[in-house]
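Shown next, in structure tokens, is the structure this report addresses.
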Amino acid sequence: MPTQTVATNALPVGELITSDEQVSPHTSVNSVAERFFGTTEMDAIAVVDNKKPVGLVTRTKLLFSLFRRFGFELYGRHTIISLAETKPLIVPEDKQLNDVIDMALERPPQDIYDEIIVTHSEGTYRGLLSVKQLVIQQSNALAKSILQKEIASARAKELEKISQVKSQFLANVTHELRSPVNAIIGLAELLRIAAENNSMEQIKERLSFMIASATNLRTIITNILDLSKIEAGKMTIVHQSCDVSEIISEIAETTRILVGRKPVNIEVSVPAEPMKITTDHIKLRQIITNLMTNAAKFTDAGNITVALSINNSSLEIAVHDTGIGIKEEHLEKLFTAFGQIEDAKTKQHQGTGLGLTISKNLAELIGGTITVTSVFGKGSTFSLSLPLQPHNKQGVPDYVE
Ligand SMILES: Nc1ncnc2c1ncn2[C@@H]1O[C@H](COP(=O)(O)OP(=O)(O)OP(=O)(O)O)[C@@H](O)[C@H]1O
Ligand SMILES: [Mg+2]
């Protein structure tokens, strides 16, 4: 009967020996029976004469003979060789496991589970192999090899995904970096022409476009560097007292410039009094800017509202927009690096897909969380929640007033 080829097919049986029990052929049947009674884990014993195996006695068969009517009287005083199986399966130690299992299973049904004798290469007795153990070993190996194949294929899929994400990222980053660089070069050329023409108006206009392109470029590079810093665990946090209302109002002003001529109204809803907390205000500013920039980018008409409120033990900053919205199945992807919903080749909006990942990580660094709710085609709300209770390692309260 052919056995399945598994990881064990290159395993010599010499390495699987389960016992080295042996007895001389002249020992009486009674005393061998005593040994079986005294050692319950001994299932078989080899009959060895002058170091060479000459027979095999198994517990089942010996006890079966002895417990038959008059068994002890008939065989008890005889030598063990008279009751031993004198043609057991004997294999050299370097024989491979699968071949041995094949040989064992080809024996008559009553002998199939008999132990196998293993010899050294020169034919002297080395030990016994338990067929039951071999079968167990082989099934384990089979299960292990199936599992290994599964793991290998899962790992391959994972690597494939990582490589796809990286290629997509490279495509995005290259595109995103090239656009502002091209714009700066083009504008510099136009600036030179304007300078030759002595047109101060044109010079001013082209310079402000150049500044905008260079700033865009700087944001992309900063994002990439920030993410590497976060991933390397090297992003440091500096706590300072700051007014969250003021930060929000300032960012709202910049967002108004971003929105440009689109019919989008920006509303700020903050308490009248200053809302001071102790936190890393640069990181906080970066998070709110990212959320507001996204709202401006993905909203063509309607409203963007940024609201600040205190909810039990936390400070909530919610950025709501009436933009394109996000399908439910895409929500999970948003906070993974380069997790843009649009295809890199056909996408209509600029960006590297790092903003939300960085924001989520920064929020965690200052003790907060970001959540999102969205209705596709209607709009989205991204909320940043910061605890008012101390969250930093020193246990200093972060909320001051
Ligand atoms: N307010 C929003 N409305 C609709 N979709 C959004 C909104 N904010 C984020 N998204 C979706 O989530 C994706 C990831 O956002 P993220 O800010 O991480 O990247 P990005 O804006 O594309 O690029 P980057 O921020 O790096 O310039 C976006 O590409 C967009 O598909
Ligand atoms: Mg963004």
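The values are calculated or read from the model by the stated rules, or taken from the named source; none is laboratory data. In this text, all values refer to a predicted model and were calculated from it rather than measured experimentally. When we count neighbours, we look across all protein chains shown, and the Cβ atoms used for this are built from the backbone with ideal geometry, even at glycine. With ligands, DNA and RNA removed, areas are computed over all heavy atoms of the protein, side chains included. Shrake-Rupley method; radii C 1.70, N 1.55, O 1.52, S 1.80 Å.
How much of the accessible area of the range 114-264, probe 1.4 Å, is carbon plus sulfur, in whole percent? Walk me through the intermediate numbers first.
Details: 5740 of 9670 Å².
Here it works out to 59 percent.
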For helix 355-365, what angle does its Cα long axis make with the longest principal axis of the chain, in degrees from 0 to 90 and rounded to 10? 80
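Using only helices, what value at 222 nm comes out for the chain when you add -39,500 (n - 2.57) per DSSP H run of length 4 or more and divide by the total residues, to the nearest 500 deg cm²/dmol? Write out the running numbers ahead of the final one.
Working: 9 runs with 174 residues, N = 401.
About -15000 deg cm²/dmol.
Averaging over all projection directions, find the projected area of the Cα convex hull of the range 128-232 and quote it in nm² with one decimal place. Let's see the in-between values first.
Values: hull surface 42.3 nm².
Taking a quarter of the hull surface, the average projection is 10.6 nm².
Roll a 1.4 Å probe over the protein chains and send me the accessible area per residue for the range 158-276 in Å². Provide the component values of the computation, followed by the final result.
Working: 7880 Å² over 119 residues.
Value for the range 158-276: 66 Å² per residue.
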So how far, in whole Å, is the C-alpha centre of the range 96-120 from the one of the range 165-202? 78
Base-10 log of normalised Debye intensity for the chain (one unit scatterer per alpha-carbon) at q = 0.06, 0.15 Å⁻¹: -0.54, -1.31
Helix 281-297 sits off the longest principal axis of the Cα atoms of the chain, rounded to the nearest 10 on a 0 to 90 degree scale, by 80
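Residue separation times 0.36 nm, minus the C-alpha to C-alpha distance between residue 69 and residue 262: what's the value?
On the way: separation 193, 0.36 × 193 = 69.48 nm, distance 10.48 nm.
Full-extension gain reported as 59.0 nm.
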Using protein chains only and a probe of 1.4 angstrom, how many square angstrom of residue 67 are accessible, to the nearest 10? 130
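Hey, what does the equivalent ellipsoid look like for the range 175-262, semi-axes from the Cα gyration tensor as sqrt of 5 times each eigenvalue, largest first, whole Å? Kindly include the intermediate steps, with their values, before the conclusion.
Values: eigenvalues 216, 79, 26 Å².
Semi-axes (√(5λ), whole Å): 33, 20, 11.
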Largest first and in whole Å, give the semi-axes of the range 1-128's equivalent ellipsoid, each being the square root of 5 times a Cα gyration tensor eigenvalue. 28, 16, 12
Residue-level accessible surface for residue 106, protein heavy atoms, 1.4 Å, Å²: 130
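Order the following by accessible area, largest value first: 335, 209. Probe radius 1.4 Å; ligands, DNA and RNA are ignored. Can you show the working numbers first?
Values: 335 40, 209 110 Å².
Result, largest first: 209, 335.
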Relative contact order for the range 267-357 using alpha-carbon pairs under 8 Å, separation at least 6, rounded to a whole percent? 24
Of all DSSP beta bridges in the chain, what percent run antiparallel (nearest 5)? 80
What lysines could a cross-link reach from residue 61, if we take a straight Cα to Cα line under 19 Å and drop same-chain neighbours fewer than 8 places away? 87, 132
Kindly write out, for the range 60-74 in residue order, the coupling ³J(HN,Hα) from the Karplus curve 6.51 cos²θ - 1.76 cosθ + 1.60 (θ = phi - 60°), rounded to whole Hz, with x marking Gly and Pro. 4, 6, 5, 5, 4, 5, 6, 8, 5, 4, 6, x, 4, 4, 6
Distribution output for the range 235-277: share of Cα-Cα pairs per 10 Å bin in percent, first bin at 0, values 24, 39, 28, 10
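Between residue 214 and residue 364, what FRET efficiency comes out of the Förster formula 1/(1 + (r/R0)^6) with R0 = 35 Å and r the beta carbon distance, rounded to 0.05? Provide the component values of the computation, followed by the final result.
Values: r = 31 Å, r/R0 = 0.88.
Using R0 = 35 Å, I get an efficiency of 0.70.
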Base-10 log of normalised Debye intensity for the range 44-87 (one unit scatterer per alpha-carbon) at q = 0.27, 0.29, 0.30 Å⁻¹: -0.96, -1.04, -1.08
Starting from the Cα of residue 276, draw a straight line to each of the aspartates and glutamates and keep only those under 18 Å, dropping any in the same chain fewer than 8 residues away. 243, 246, 250, 316, 398, 401
Only Cα pairs under 8 Å and at least 6 apart count here; give the relative contact order of the chain as a rounded whole percent. 12
How large is the Rg to Rh ratio of the range 108-167 when both quantities use alpha carbon positions and Rh follows Kirkwood? 1.39
Here, the range 263-326 modelled as identical Cα point scatterers in vacuum has Debye log10 I(q)/I(0) at q = 0.16 Å⁻¹ of -0.59
With all protein chains in place and a 1.4 Å probe, residue 157 shows an accessible area in Å² (nearest 10) of 140
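Sorted by accessible area with a 1.4 angstrom probe, largest first, how do 175, 239 fall? Before the final figure, lay out each step's value.
Details: 175 95, 239 65 Å².
I get 175, 239, largest accessible area first.
Ignoring ligands, DNA and RNA, how do 191, 74, 384 rank by accessible area with a 1.4 Å probe, largest first? Mind dumping the intermediate values first?
Numbers: 191 35, 74 100, 384 0 Å².
Putting 191, 74, 384 in descending order of accessible area: 74, 191, 384.
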The range 191-321: C-alpha pair distances exceeding 27 Å, %: 36
Tell me the angle of helix 200-231 to the major Cα principal axis of the chain, expressed in degrees between 0 and 90 and rounded to the nearest ten. 20
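Which value, to two decimals, describes the C-alpha radius of gyration of the range 68-185 once divided by 2.2 N^0.38 Å?
Cα-based Rg divided by the globular estimate yields 2.31.
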